[in-house]
Amino acid sequence: MSRRIAVSVAAGVVILGGAGAFALAYAGDQSPTLAHSAARYTAPAADHDGSLSFTTDVTASSGVKNVKVLAWSANSSFAKKGLTTKDMAGAEWAVCKPSGGDSERCTYKVAVTRADAEGSPRGRWHVAVLVTDQDGATTLDTKAADFTVA
């Protein structure tokens, strides 16, 4: 083998090895992702409470540590100033179960009493979600899903 070919082959191996290492490092540093988010609101009736339920699929290469959920009215102060991770500190936890690979199906459900419904603004609402993975990376989706309070 000529020296020029040997140097070319060696350079190719170094470049491909470096690109592969970069791809693995990049894949490991990805923030968690959300998919298929949906919310459903059922108003309370005379004889029983209503409910708000939310589901989403979360993918995190290091695993899901926790998921927080916050429903907020489109007419609230969050609509003007924007929602931040700090605002999610008091949010409630979703329950997550493995759904294959690096993904988990996360569900949040809460009862809505007649008093809750009467005290809530009518109109469009959003569900914000804060996901934290096992490495501490976070993803905040302030409008992961919508629902309407009539």
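The values are calculated or read from the model by the stated rules, or taken from the named source; none is laboratory data. Everything numeric here is computed off the predicted structure, so don't read it as measured data. No Cβ is skipped: glycine too gets one built from the backbone with ideal geometry, and neighbour counts run over all protein chains shown. In case anyone asks, the SASA skips ligands and DNA or RNA and just uses the protein heavy atoms, side chains included. Shrake-Rupley method; radii C 1.70, N 1.55, O 1.52, S 1.80 Å.
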Among the residues that make up segment 122-131, is at least one of them over 22 Å from the mean Cα position of the chain (by Cα) and either surrounded by fewer than 13 Cβ atoms within 10 Å (Cβ to Cβ) or hydrophobic (A, V, I, L, M, F, W, C) (or both)?
yes
So, first residue over 16 Å from ALA94 (Cα atoms) and in contact (Cβ under 8 Å) with a residue 60 or more places away in the chain in segment 114-130, second residue of a type in the set (Ser, Thr, Tyr) and exposed (fewer than 15 other Cβ atoms within 10 Å of the Cβ), Cβ within less than 8 Å, six or more apart or across chains; the pairs are TRP125/THR148
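Go through segment 99-121 and report how many residues are in a strand (DSSP E or B) and either surrounded by 13 or more Cβ atoms within 10 Å (Cβ to Cβ) or at positive phi (or both).
11
Let's see how each residue does on (1) in a strand (DSSP E or B); (2) modelled with pLDDT of 95 or more; (3) of a type in the set (Gly, Ala, Ser); (4) open to solvent by 40 Å² or more (accessible area, probe 1.4 Å):
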position	(1), (2), (3), (4)
VAL7	no, no, no, yes
ALA10	no, no, yes, yes
VAL13	no, no, no, yes
ALA19	no, no, yes, yes
LEU24	no, no, no, yes
ARG40	yes, yes, no, yes
SER53	yes, yes, yes, no
THR56	yes, yes, no, no
